[in-house]
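Heads up: the structure comes next, in structure tokens.
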Amino acid sequence: MKKMNPVFIATLAATVATLAPFAGAAEGIPVAPSARLTVQDKLNKETDSDKSESTKSSMRTDTESQSYDLNITVANTGPSDCTFNLEWYFFKRTLTNKGDKGEPVLCEKGSESIAVAGMKRASHQVSSESQISFESKTTTNNTGNKNNNNKGGSSGTKKTVSGSICGGYIVLLRYGEEIIAKDASDPRFLKDEWMGTLSRPVSKSSGNAGASDGSAKKKGKKKK
């Protein structure tokens, strides 16, 4: 049996690899394009304080507002123009009155079609709604009755926390129903247990500035 030329074998293998992605299309089977997804995030924090005093007590309330800005880049690594569906999901964490953080809960989601030419990139910016938290400290100073050896006098500080903070995000890139790229603020969000929560209704309970579907932006506030 005649031995085949190694150069011919290498050339043939390269040709097959190049044409393989088009084989399905030639047979009438849709072939998902290839793409890369890059997300640059910025967690904004805005703070404010208020203080009131009386003869027996003083109270200080600190308010913090958090929100995400995402700059999402889609790179079409295929030769043909393509329209993808970009999806984003934001989570929040509710605070207990002691300041403990609850598990992340889906609070906002949105989507947008994005057309990208072959071998080109396109960017999309998304801003989340604000999550607002409050921390109040009340200090009392009861001196009691000076004529009764200060009996009954007491002092102390009580702290109360409420509201919510940002809990992360997930970004998906779809072609049709197929997810072809994904990214998240925390790798655990890409596991099945978290991906399965994305179809649930968003939580609109107190502690945020009106979470909603979409990418509403904040106005008239300074960012740190």
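The values are calculated or read from the model by the stated rules, or taken from the named source; none is laboratory data. These numbers were taken from a predicted model, which means no experiment stands behind them. FYI the Cβ positions are ideal-geometry reconstructions off the backbone, even for glycines, and counts take in every protein chain you see.
Which one of Thr83, Thr94 is under 25 Å from the mean Cα position of the chain (by Cα), crowded, with 19+ Cβ neighbours inside 10 Å and not basic (Lys, Arg)? Steps first, please.
Values: Thr83 fails: crowded, with 19+ Cβ neighbours inside 10 Å.
Result of the check over Thr83, Thr94: Thr94.
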Given the structure, is Asp69 over 16 Å from the mean Cα position of the chain (by Cα), assigned to a strand (DSSP E or B) and under 28 Å from Ser127 (Cβ atoms)? no
Scope region 102-142; condition loosely packed, with under 14 Cβ neighbours inside 10 Å and modelled with pLDDT of 95 or more; matching residues: Gly102, Glu103, Ser113, Ala115, Ala117, Gly118, Met119, Lys120, Ser123, Gln125
So, in region 63-80, of the ones that are surrounded by fewer than 20 Cβ atoms within 10 Å (Cβ to Cβ) and of a type in the set (Val, Ile, Thr), which residue ends up nearest to Ala117 (Cα to Cα)? Thr77
Consider region 163-180. How many of its residues are over 26 Å from Lys45 (Cα atoms) and either more than 16 Å from the chain's Cα centre (by Cα) or at pLDDT below 95 (or both)? 7
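Would you confirm, using the coordinates I've provided, whether Pro21 is modelled with pLDDT under 95, surrounded by 10 or more Cβ atoms within 10 Å (Cβ to Cβ) and either in contact with an Asp or Glu (Cβ under 8 Å, 6 or more places away or on another chain) or not in a loop (DSSP other than H, G, I, E, B) (or both)?
Numbers: modelled with pLDDT under 95: yes; surrounded by 10 or more Cβ atoms within 10 Å (Cβ to Cβ): yes; either in contact with an Asp or Glu (Cβ under 8 Å, 6 or more places away or on another chain) or not in a loop (DSSP other than H, G, I, E, B) (or both): yes.
So Pro21 fits the description; yes.
Please indicate, with yes or no, whether at least one residue in region 118-125 is assigned to a strand (DSSP E or B), under 21 Å from Arg200 (Cα atoms) and touching a strand residue (DSSP E or B) at 6+ places or on another chain (Cβ under 6 Å).
The first filter runs over region 118-125 and keeps only residues assigned to a strand (DSSP E or B), leaving 121-125.
If we keep only those that are under 21 Å from Arg200 (Cα atoms) as well, we get none.
No: zero hits.
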Can you work out which of the residues in region 28-66 that are among the hydrophobic types (A, V, I, L, M, F, W, C) and part of a strand (DSSP E or B) is farthest from Ser136 (Cα to Cα)? Ala35
